[in-house]
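Presented below is the structure to which this report refers.
The values are calculated or read from the model by the stated rules, or taken from the named source; none is laboratory data. What you see is a predicted model; the values in this text were computed from it and never measured. Don't worry about glycine lacking a Cβ; one is built from the backbone with ideal geometry, like all the others, and counts go over all protein chains shown.
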Amino acid sequence: MGPPVPITTGDEFLAPLQESVLVTLQVPHSAGTVPIFNLSSHALTSPEVSLLTKGLSYVLTERTDFFLLRLELQRFFRKLRLHMFFCGKEFTRTESASNLRNPSTFCPPIGTVPHEILSFEAAVLREITIMEKKSAYIPYNISLDERKALEDLKTDRSIVIKPADKGGGIVIQDFVEYHGEIMRQLDNSLHYKKIER
């Protein structure tokens, strides 16, 4: 691997940073990985580099919280039952009813629910059980260190991670410099005009 190639974009913003780019991270990339340009003061760890070379559109496998899924399904089933129970019925709200009372927990009795709805609920719950059994065998597609690196990068407010304008790379920049460049460009009265709200 030879020395890093200087960046020559003609952009006046990158000109003062060109020398710092040469000494920052230049990750050699192969097919299927993304080049990383670290313009920030943040030193990337090996797991962070490994994670970022996968690209910003890399899809992580996630474990489904089946308890939460079943809870949300029960709420949906209740709404469906209520809709079927009250469909076509007219009722008026009394003047004494308060807007500050607790929400209703009424659920129509099983005998009043059409069998099509009950069959639908049973079929959905059966599919969820099958999914839950299969999901136990789905491995994560990133390592534990990369998962920790992802959390660290997501919570680090001192840096900004963006896709590069050209070349499909990833650029990491200090937030202060990134914000300063945004303000510098927006303050350019040749290209932007301030409007009154």
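Quick one: is Val160 surrounded by 12 or more Cβ atoms within 10 Å (Cβ to Cβ), within 29 Å of Ser50 (Cα to Cα) and touching a helix residue (DSSP H, G or I) at 6+ places or on another chain (Cβ under 8 Å)?
Yes, satisfied.
Going through the stretch 22-65 one residue at a time, which ones are assigned to a helix (DSSP H, G or I) and either within 16 Å of Ile159 (Cα to Cα) or at pLDDT 90 or above (or both)?
Ser46, Pro47, Glu48, Val49, Ser50, Leu51, Leu52
Only one of (1) more than 30 Å from Lys54 (Cα to Cα); (2) more than 23 Å from the chain's Cα centre (by Cα) fails for Lys133. Which number is that?
Against the list (1) more than 30 Å from Lys54 (Cα to Cα); (2) more than 23 Å from the chain's Cα centre (by Cα), Lys133 comes up short only on (1).
Please go through the stretch 156-197 and pick out each residue that is part of a helix (DSSP H, G or I) and touching a His at 6+ places or on another chain (Cβ under 8 Å).
Gln185
Going through the stretch 144-180 one residue at a time, which ones are out of contact with any Leu (no Cβ under 9 Å at 6 or more places or on another chain) and of a type in the set (S, T, N, Q)?
Thr155, Ser158
Within the stretch 56-90, count every residue that is aromatic (Phe, Trp, Tyr), within 26 Å of the chain's Cα centre (by Cα) and closer than 18 Å to Thr105 by Cβ.
Adding up the residues that qualify gives 1.
Limited to the stretch 163-197, what total is found for residues that are closer than 21 Å to Lys54 by Cα and not assigned by TED's automatic domain parsing to the domain that holds Leu44?
Selection size over the stretch 163-197: 0.
Name, by its number, the condition in (1) under 15 Å from Leu39 (Cβ atoms); (2) modelled with pLDDT under 90; (3) surrounded by 12 or more Cβ atoms within 10 Å (Cβ to Cβ) that does not hold for Tyr140.
Failing condition for Tyr140: (1).
Within the stretch 144-155, can one find any residue that is part of a loop (DSSP other than H, G, I, E, B) and assigned by TED's automatic domain parsing to the domain that holds Ser40?
No, because not a single residue in the stretch 144-155 is part of a loop (DSSP other than H, G, I, E, B) and assigned by TED's automatic domain parsing to the domain that holds Ser40.
Step by step: first the residues of the stretch 163-179, then only those that are surrounded by 13 or more Cβ atoms within 10 Å (Cβ to Cβ) and of a type in the set (Asp, Glu), then the one that is farthest from His42 (Cα to Cα). Which residue is that?
Within the stretch 163-179, the match that is farthest from His42 (Cα to Cα) is Glu177.
Would you please list the contacts, defined by Cβ atoms under 9 Å and residues six or more apart or on different chains, that run from a residue in the stretch 169-197 that is within 28 Å of Ser57 (Cβ to Cβ) to a residue that is loosely packed, with under 11 Cβ neighbours inside 10 Å and modelled with pLDDT of 90 or more?
Qualifying pairs under 9 Å: Asp174/Ser158; Phe175/Arg157; Phe175/Ser158; Val176/Ser158.
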